[in-house]
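Q: Here's a structure for you.
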Amino acid sequence: MWRMCILLLLSGSAVESLYAQSDVRWLIVNPVSLNFSSADPDTGVALASSTVTWRTRFGDTGRTWRLSVQAASVRVSNCDKIPPSAFRIACSAVSVAKHGNGVCASPVPLSTSPQVIASGSQGDHNYNSTAEIQVQFLDSWRYPAATAPACSLTLSYTLEAL
């Protein structure tokens with residue numbers, strides 16, 4: 001059985017230590033660990049999802065926000081032959097706080113450079129905003145994942161509230 005564990009290690013030790021502009025109150029990624037498993041790569045694309053939830057500090061309705069993601073390394077831990085580009089990252093849904101809006105960007109290959117996956121205008125700071133993120137392991141025949149220890153990929157999220 002092919003198994004892959006994708007670990008989203010967040011920069012710093014506290015939620016607010018994630019890189020963010022001064023207008024971001026907090027950002028949470030859940031779950032932090034994403035698991036991939038596939039007994040046969042022909043059975044389909046391995047997929048895992050997580051939810052990014054945030055709240056702005058002052059909620060200046062109408063101001064721009066952007067959510068980006070990037071791989072923290074050029075290789076996947078425990079599976080050093082798998083490059084980040086073997087994964088595709090996509091936003092499948094976004095819900096912005098009252099009076100705001102957001103759109104998902106087109107799916108992109110994972111990279112060590114920041115990739116904008118969602119953007120829009122800020123809503124009321126008293127309400128949470130969320131984005132549903134999907135990570136797909138696309139080339140499991142070319143890059144078989146390890147079973148023990150599992151492969152782990154470190155992702156870094158950036159929320160800019162401009």
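Q: Report the rotationally averaged projected area of segment 73-162 based on its alpha-carbon convex hull, in square nanometres.
A: Taking a quarter of the hull surface, the average projection is 6.7 nm².
Q: If you don't mind, there's one more thing I want to ask. Can you give me the long-range amide H partners of CYS151? Hydrogens built in the peptide plane at 1.01 Å from N, cutoff under 5 Å, separation of 5 or more residues or another chain.
A: CYS5, ALA146
Q: Taking the Cβ of each residue in HIS125, HIS99 as the centre, tally the other Cβ atoms inside 10 Å and list the residues starting with the fewest.
A: Going from sparsest to densest Cβ surroundings: HIS99, HIS125.
Q: Between LYS81 and ARG57, what is the spin-label point distance in nm, taking each point 7 Å from the Cα along the Cα→C-beta axis?
A: About 4.8 nm, to one decimal.
Q: If you don't mind, another one. Around VAL69, what is the net charge, scoring Lys/Arg as +1 and Asp/Glu as -1 over all other residues with Cβ under 14 Å from its Cβ?
A: The answer is 0.
Since every read-out is calculated from the coordinates, none of them should be taken as a lab result. Predicted model only: the values in this text are computed from it and were never measured. Methodologically, a virtual Cβ is constructed for each residue, glycine included, from the backbone with ideal geometry; neighbour enumeration extends over all protein chains shown.
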